[in-house]
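Here the structure comes first, spelled out in structure tokens, and everything after it is commentary.
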Amino acid sequence: MERVDRCVVLVDAGYLLGAAASLLAGEPARSRITVDHAALIQGLRERAEADTEQPLLRIYWFDGAPDRVPQPEHRRLRVMPRVTVRLGALTRSDGRWAQKGVDAAMHAELTELARNRACSDVVLVTGDGDLLPGLMSAKEHGVAVHLWAVQAADGDYNQSEDLVAEADERRVLDRAWITKAVRAKEVGGICAPPPAPRPEIAAILSAPLPESGLAASTERAERAERAERAERAERAERAARAAGERGTPAAPPAAERAPEPHPVSAAGPKGVPTPKDLAGLRAPGAVQPADARTDRAPAGATLRWSSDRGWIERPGASSAGEPPETASLPTLAQLTSAEQRWADREEDITTVGGDPFEVGQVFARRWMERLPDGGHVQKLSVMYPRVPHRIDGELLRYAARFGLLAHKDDQIDEHDRYAIRAGFWREIDVRAAAENVDAAPGS
């Protein structure tokens, strides 16, 4: 079999990004850096073709993921031209994340490419000495092996010395090359600032409740308060009568006082206003959401985001637990056939990159396209910025397929939640505006 003159790049993402984090942020935690994956892949391709003087066949990206579930960055990578993602497991032990199976997958791919004479040159971006047998096997099959290192923060090697000794060629990706696609997050004012948040997210967080919804909310709260006062008076009267029959004085009722709203957590995603920051922008009478559960919600409590945290006002709820105005809204699952479900999964795998804003848009688009009655969109749009509880739960479950909302450094990324809902509302807003134009006289 004749060897094909082209190059292949095998990237150990744990090594590449961990070493980049050490170089730029002073520690190997990938959470300390932001990565432009498109720019990084383009840089790898251009550098590989220049160094090997061969056209690129493919870039293999080897990385770990919890339960081997592709994370958003993996979804973005695997739909890029000439990029193949291979995932090993990511496990946590003694407070540290560790990859499992990545080295074995790289070894198997390297050996198979060399045995099948699929390329003339292989570029390895790794530092692990476990790949030494695969490197030696590739050389025996006539493949030239180029070993690339990331510039070490301390000026020393961050690769296995045996690996370096066996490579045919060695190059160093220096700080200037790395910073074309990788930036350090701001820490102590010495690193590059994070990207600015989407304005749509801040707009949704700061938006007041619609006047109609607020009026209805206030009226329901007042009715509930009157009913509660009447019930307390009736209980006190019954207790007084019972005490009179026994000839004992009735205990005076406990002092009545309105429950105080729970404080909002001050912790919010970096660069994104928290509900506490935007308290002054709320509609009059709206109660701030609670940061944790208690046994009973304050009367008239409302929540900016429907979620499993904080209070949701649902007086007059139906048996299914939904307010009457939202109970008639169908969920996406109810609107989706088996054939559509298959097509949705195909689209998720091949074209949806996993950006939180994009995920919200995709979900909203599918929901609106399958509605039998366009009036549902108008009914939902006047509820902005609150997403009905059932639809919001389904939206977040859909986002979880892309690795969003997963634990990152033991904290749920609230910024992703905001971005998901911002994308959802942006798509709803576009559709509702288009329908209003179509319905206008003379259109």
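So Ala21 fits all but one of (1) of a type outside the set (Phe, Trp, Tyr); (2) assigned to a strand (DSSP E or B); (3) over 26 Å from Asp121 (Cβ atoms); what number is the exception?
Going through (1) of a type outside the set (Phe, Trp, Tyr); (2) assigned to a strand (DSSP E or B); (3) over 26 Å from Asp121 (Cβ atoms) one by one, Ala21 breaks only (2).
Could you check the stretch 330-372 and list, in sequence order, the residues that are over 22 Å from Pro72 (Cβ atoms) and of a type in the set (Gly, Ala, Ser)?
Hits for the stretch 330-372 are Ala333, Ser337, Ala338.
Residue pairs, Cβ under 6 Å, 6 or more apart or interchain, first in the stretch 322-343 and of a type in the set (S, T, N, Q), second loosely packed, with under 14 Cβ neighbours inside 10 Å and at pLDDT 70 or above. List them.
Within 6 Å, no pair qualifies.
With the requirement that a residue be under 24 Å from the mean Cα position of the chain (by Cα), of a type in the set (A, V, I, L, M) and surrounded by 19 or more Cβ atoms within 10 Å (Cβ to Cβ), what does the stretch 12-34 give you?
Ala13, Leu16, Leu17, Ala20, Ala21, Ala25, Ile33
Which numbered condition in (1) closer than 20 Å to Ala19 by Cα; (2) surrounded by fewer than 16 Cβ atoms within 10 Å (Cβ to Cβ) is the only one that Glu73 fails?
(2)
Regarding Val85, is this residue crowded, with 20+ Cβ neighbours inside 10 Å and not assigned by TED's automatic domain parsing to the domain that holds Glu347?
Working: crowded, with 20+ Cβ neighbours inside 10 Å: yes; not assigned by TED's automatic domain parsing to the domain that holds Glu347: yes.
Against the criterion (crowded, with 20+ Cβ neighbours inside 10 Å and not assigned by TED's automatic domain parsing to the domain that holds Glu347), Val85 qualifies.
Do any strands (runs of 3 or more DSSP E) entirely within the stretch 143-239 hold 2 or more residues that are exposed (fewer than 15 other Cβ atoms within 10 Å of the Cβ) and at pLDDT 60 or above, and if so, which?
On the way: elements: 144-150, 169-173, 182-184.
Output list reads 169-173.
Gln54 versus (1) closer than 24 Å to Leu404 by Cα; (2) in a loop (DSSP other than H, G, I, E, B): which is the lone unmet condition?
(1)
Of all residues in the stretch 112-161, which are closer than 20 Å to Tyr15 by Cα, polar (S, T, N, Q) and touching a helix residue (DSSP H, G or I) at 6+ places or on another chain (Cβ under 6 Å)?
Thr126, Gln151, Asn158, Ser160
Which condition does Asp344 not pass, out of (1) under 27 Å from Thr84 (Cβ atoms); (2) modelled with pLDDT under 85, if it passes all the others?
Result: Asp344 passes all but (2).
Quick one: in the stretch 345-357, which of the residues that are surrounded by fewer than 18 Cβ atoms within 10 Å (Cβ to Cβ) and part of a helix (DSSP H, G or I) is farthest from the chain's Cα centre (by Cα)?
Residue satisfying both the conditions and the ranking: Glu346.
Report yes if Glu27 is of a type outside the set (Gly, Ala, Ser) and farther than 20 Å from Met80 by Cβ, otherwise no. Spell out the reasoning first.
Details: of a type outside the set (Gly, Ala, Ser): yes; farther than 20 Å from Met80 by Cβ: yes.
In short, yes.
Take the residues in the stretch 358-400 that are under 19 Å from the mean Cα position of the chain (by Cα) and either outside the structural domain of Ala432 (by TED's automatic domain parsing) or surrounded by fewer than 16 Cβ atoms within 10 Å (Cβ to Cβ) (or both), then tell me which one is farthest from Ala65 (Cα to Cα).
If we take residues in the stretch 358-400 being under 19 Å from the mean Cα position of the chain (by Cα) and either outside the structural domain of Ala432 (by TED's automatic domain parsing) or surrounded by fewer than 16 Cβ atoms within 10 Å (Cβ to Cβ) (or both), then Gly393 is farthest from Ala65 (Cα to Cα).
Can you tell me which condition Val4 does not meet? The list is (1) assigned to a loop (DSSP other than H, G, I, E, B); (2) under 27 Å from Glu186 (Cα atoms); (3) of a type in the set (A, V, I, L, M), and all the others hold.
(2)
Take the residues in the stretch 309-341 that are of a type in the set (Val, Ile, Thr) and at pLDDT below 85, then tell me which one is nearest to Ala364 (Cα to Cα). First the steps, then the outcome.
Step one: of the stretch 309-341, the residues of a type in the set (Val, Ile, Thr) are 312, 326, 331, 336.
Then drop every residue that is not at pLDDT below 85, which leaves 312, 326.
Values: Ile312: 22, Thr326: 16 Å.
Only one residue fits best here, namely Thr326.
Could you please find all residues in the stretch 79-104 being part of a strand (DSSP E or B), in contact with a helix residue (DSSP H, G or I) (Cβ under 7 Å, 6 or more places away or on another chain), modelled with pLDDT under 90 and hydrophobic (A, V, I, L, M, F, W, C)?
Those that are part of a strand (DSSP E or B), in contact with a helix residue (DSSP H, G or I) (Cβ under 7 Å, 6 or more places away or on another chain), modelled with pLDDT under 90 and hydrophobic (A, V, I, L, M, F, W, C): Ala89, Leu90.
Could you tell me which numbered condition Arg32 fails, if it satisfies all but one of (1) of a type outside the set (Gly, Ala, Ser); (2) in contact (Cβ under 8 Å) with a residue 40 or more places away in the chain; (3) at positive phi?
(3) is the only condition that Arg32 fails.
The values are calculated or read from the model by the stated rules, or taken from the named source; none is laboratory data. Worth saying up front: this structure is predicted, and the values here are computed from it rather than measured. Cβ coordinates were reconstructed from backbone atoms using ideal geometry, including for glycine residues, and neighbour counts include every protein chain displayed.
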